[in-house]
1. Over the chain, what is the relative contact order in percent, taking alpha-carbon pairs closer than 8 angstrom and at least six residues apart?
2. For n ≥ 4 DSSP H runs only, could you compute -39500 (n - 2.57) per run for the chain, divide by its residues and tell me the 222 nm figure to the nearest 500?
3. Can you tell me the accessible area per residue over the chain, all protein chains present, probe 1.4 angstrom, in square angstrom?
4. I'd like the Karplus ³J(HN,Hα) series for segment 91-105: coefficients 6.51, -1.76, 1.60, θ = phi - 60°, whole numbers in Hz, and an x wherever there's a Gly or Pro.
5. Just to verify a number: FRET efficiency for S29 and E92, C-beta to C-beta distance, R0 = 22 Å, to 0.05?
6. When N counts the residues of the chain, how does its alpha-carbon radius of gyration compare numerically with 2.2 N^0.38 Å, as a ratio?
Amino acid sequence: MKKMPKVFDDNCYELTMLRWFRDQFVATSDINYYYQVAPIIVEAIDQMVQSNTVYDEIYHNIIKYCVYKIECGEYQEAYDRYKDSILCFAEEYARPYLVQKFVKKIKKVRNTKTSM
C-alpha cells in the first residue's frame, strides 16, 4: 500500500476538494461537531505509538475514498463515510482519551488534597 504523504500542503488537492465539499454539502451541525471533536481525536492519535499507521489508514480509507466519491459526484457516499468515520473516531479515540485525562486529573487533585 502506498504511504500517505508526509506533509499536506494547506492547498493540496485533497484538502481543497474536501473544503469545497464541506462548504457545499455538509450540515452546519456536522461541521460544528467536527471542529469540537477533531482536535481531541488528533491529540489522542498523536499519543499512540502506532499513530503513523492510524493516519495512513485514515488517508487511504477516508480521505482518498471521499475525494474519489466527490470526483464521481457520489456526494451522499462521501458524506456518509465522513460522518460515520467522525462518529467512530470520537468513540474509539476521543472518548477513551478524555476519560483517561479526566482520571489523571482526579488522581492529581486527590493526591494534592491528601498531601496537605
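The values are calculated or read from the model by the stated rules, or taken from the named source; none is laboratory data. Because the structure is a prediction, the values reported are computed rather than measured. Cβ coordinates were reconstructed from backbone atoms using ideal geometry, including for glycine residues, and neighbour counts include every protein chain displayed. Areas reflect the complete protein model, heavy atoms only, side chains present, ligands, DNA and RNA absent. Shrake-Rupley method; radii C 1.70, N 1.55, O 1.52, S 1.80 Å.
1. After rounding, I find 32 percent.
2. Using -39500 (n - 2.57) per qualifying helix, the result is -23000 deg cm²/dmol.
3. Ligands and nucleic acids excluded, the result is 73 Å² per residue.
4. Karplus values, whole Hz, x for Gly and Pro: 6, 6, 10, 5, 4, x, 5, 5, 4, 4, 5, 5, 4, 4, 5.
5. With a Förster radius of 22 Å, E is 0.55.
6. Scaled against compact globular proteins, the figure is 1.31.
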